[in-house]
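Report on the structure given below.
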Amino acid sequence: MASESAEAHASAEVHALAALVGERILTNVSYGDRVADLAKGQVNSYIIGWERNGGRNQIFNFEPQGGNRNKIALTSNDGKVVHVSSPDPSPGSHLKATTGGVGSVYTMVNHAPGQFKLSILSDDGTAPLYWTLNSEDQGTKLTLEHDNGSENQVWGAITPDDNN
């Protein structure tokens, strides 16, 4: 069973988007008025769902790591570059932003035109876990979850200067 899950993740990568490069605002498809946000713009804070406000803490910089894989960075309110991190990826674990250039590498998996999921293998290496926003409530922490078939795991990426 463990190898079946890892094989399914590898198979999903075949359909993945080319890696994004540069700055993007991540909009959740299920909750269209929510974007990924570094809570309070502070180092070592959680990544949360928040109303788009144009702050630097909502602009994610995709750093290609080969193929459809990226490290993802953003800037805190005090100007420090932080990376999204999942040190022990397991179902229900939260995404955080840490300093020191230490960040996790996430795989982009195509969902529909202009939409994707972001995944990382679980800490035991058996199954992919996806960025998940479980509520439209402001401040909801993004978690890693197994594929639930819902659009709360699907994201769109827009450039920061896009006013749509």
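If you take the beta carbon distance between THR159 and ASP124 as r and set R0 to 41 Å, what does 1/(1 + (r/R0)^6) give as a FRET efficiency, to the nearest 0.05?
Details: r = 37 Å, r/R0 = 0.89.
About 0.65, to the nearest 0.05.
Relative to the longest principal Cα axis of the chain, at what angle does helix 2-14 sit, 0 to 90 degrees, rounded to 10?
Between the helix axis and the principal axis of the chain, the angle is about 60 degrees.
Would you mind telling me the share, in percent, of accessible area of the range 20-164 contributed by carbon and sulfur at probe 1.4 angstrom? Numbers along the way, then the final one.
Numbers: 2860 of 6270 Å².
Reported share for carbon and sulfur atoms: 46 percent.
What accessible surface, in Å², does a 1.4 Å probe find on ILE59, ignoring ligands, DNA and RNA and rounding to the nearest 10?
Counting only protein heavy atoms, the figure is 20 Å².
Enter the accessible area of GLU136 (Å², nearest 10), with the probe set to 1.4 Å and all protein chains included.
Roughly 100 Å² of GLU136 is accessible to a 1.4 Å probe.
For the pair SER90/ASP78, report the inter-label distance in nm, with labels modelled 7 Å from Cα in the Cβ direction.
Taking the two extended label points, one gets 3.1 nm.
Using a 10 Å cut-off on Cβ atoms, rank the peptides 79-87, 61-69 from the highest mean neighbour count down.
Numbers: 79-87: 18.0, 61-69: 15.6.
Highest mean packing first, the order is 79-87, 61-69.
Between beta-carbons, use under 14 Å as the cut-off and find the net charge around SER104, counting Lys and Arg +1, Asp and Glu -1.
Numbers: positive: ARG69, LYS71, LYS96; negative: GLU63, ASP88, ASP123.
My count for the surroundings of SER104 gives 0.
Along the Cα→Cβ direction, 7 angstrom out, place labels at THR99 and ASN44. What is the inter-label distance in nm?
Between THR99 and ASN44, the label points sit 1.0 nm apart.
The values are calculated or read from the model by the stated rules, or taken from the named source; none is laboratory data. These figures come from a predicted structure and were not determined experimentally. We place every Cβ from the backbone using ideal geometry, glycine too, and count neighbours over all the protein chains shown. For accessibility, only protein heavy atoms count, side chains too; no ligands or nucleic acids. Shrake-Rupley method; radii C 1.70, N 1.55, O 1.52, S 1.80 Å.
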